[in-house]
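First up is the structure itself, then whatever we jot down about it.
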Amino acid sequence: MGQVFVLDHPLIQHKLTYIRDKHTGTKEFRELVDEVAMLMAFEITRNLPLQPKTIETPVVETESSVLAGKKIGLVPILRAGLGMVDGMLKLIPAAKVGHVGLYRDPKTLQPVEYYIKLPSDIEERELIVIDPMLATGGSANDAIHSLKKRGAQNIRLMCLIAAPEGVEVIKKDHPDVDIYLGALDEKLDEKGYIIPGLGDAGDRLFGTK
Ligand code: URA
């Protein structure tokens, strides 16, 4: 069963408070999301494998450790996921980045991919799907299906804030996917906003309405 990790590091929680605050303007919001994404990347990469490397310090030869070169792919869901990519790339600069854009056809209710571009070797990569808000779980669920359909074997999901409803959807449909959150909020309202949440992440990141 997929696990849910709430990354309750004090710096993440502090910055999330200002991200949530409606008085925080676009510039600061964007900067804070970038910083939280970087801090979350630090936590999410905690278990990356290491390999030994012999080096010489100015004093002595010693065996130290370097990353074993696990291939990582970031997959932001358009458009709000874009706001977390640069922060993550600061810590994992060699990661490849794929993009997924989808919507639900209002008639058929089937997911429609209007854009998808992925690294060619996704089956070998550890993929981190990025969506700031896990609300109903619909987009993340569909994006994960899209990746699996194309051969992805190893997927994690990273969100700033989730509602319990969205977490349950992912746990049910994708029990192999671990979920990393900055915060697990109370509920969804009747319009599908996360409560207390932060409003519309895309609008707040890009200054649209
Ligand atoms: N998407 C958002 O941007 N905010 C929410 O609260 C829910 C979905």
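Structure values in brief
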item	result
Separation between Cα centres of the range 135-186 and the range 33-107, rounded to whole Å	18 Å
Aspartates and glutamates with Cα under 16 Å of Lys172, excluding same-chain neighbours fewer than 8 positions away	Asp142
Angle between the chain longest axis and helix 10-20 axis [Cα atoms, degrees, rounded to 10]	30 degrees
Spherically averaged projected area in nm², based on the convex hull that wraps the Cα atoms of the range 4-206	13.2 nm²
Simple spin-label estimate for Ser64 and Lys171 in nanometres, 7 Å along Cα-Cβ	4.2 nm
Calculated FRET efficiency for the pair Asp86/Glu124, C-beta based, R₀ 25 Å, to 0.05	0.55
Relative contact order (%) - criterion: Cα under 8 Å, at least six apart; region: the range 1-67	22 percent
Protection proxy ranking, peptides 5-17, 122-134, average beta carbon neighbours within 10 Å, highest first	122-134, 5-17
Simple label model, 7 Å out from Cα along Cβ direction - Glu31 to Thr108, nm	4.6 nm
Order of Lys171, Lys117 under a 10 Å beta carbon neighbour criterion, fewest first	Lys117, Lys171
Nearest 10 degrees, 0 to 90: helix 26-44 Cα axis against the chain principal axis	50 degrees
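Just so you know, all these numbers are worked out from the coordinates, no wet-lab data involved. This one's a predicted model, so the numbers in the text were calculated from it and none came from an experiment. Cβ sites come from the backbone with ideal geometry, for glycine too, and all protein chains shown count toward neighbours.
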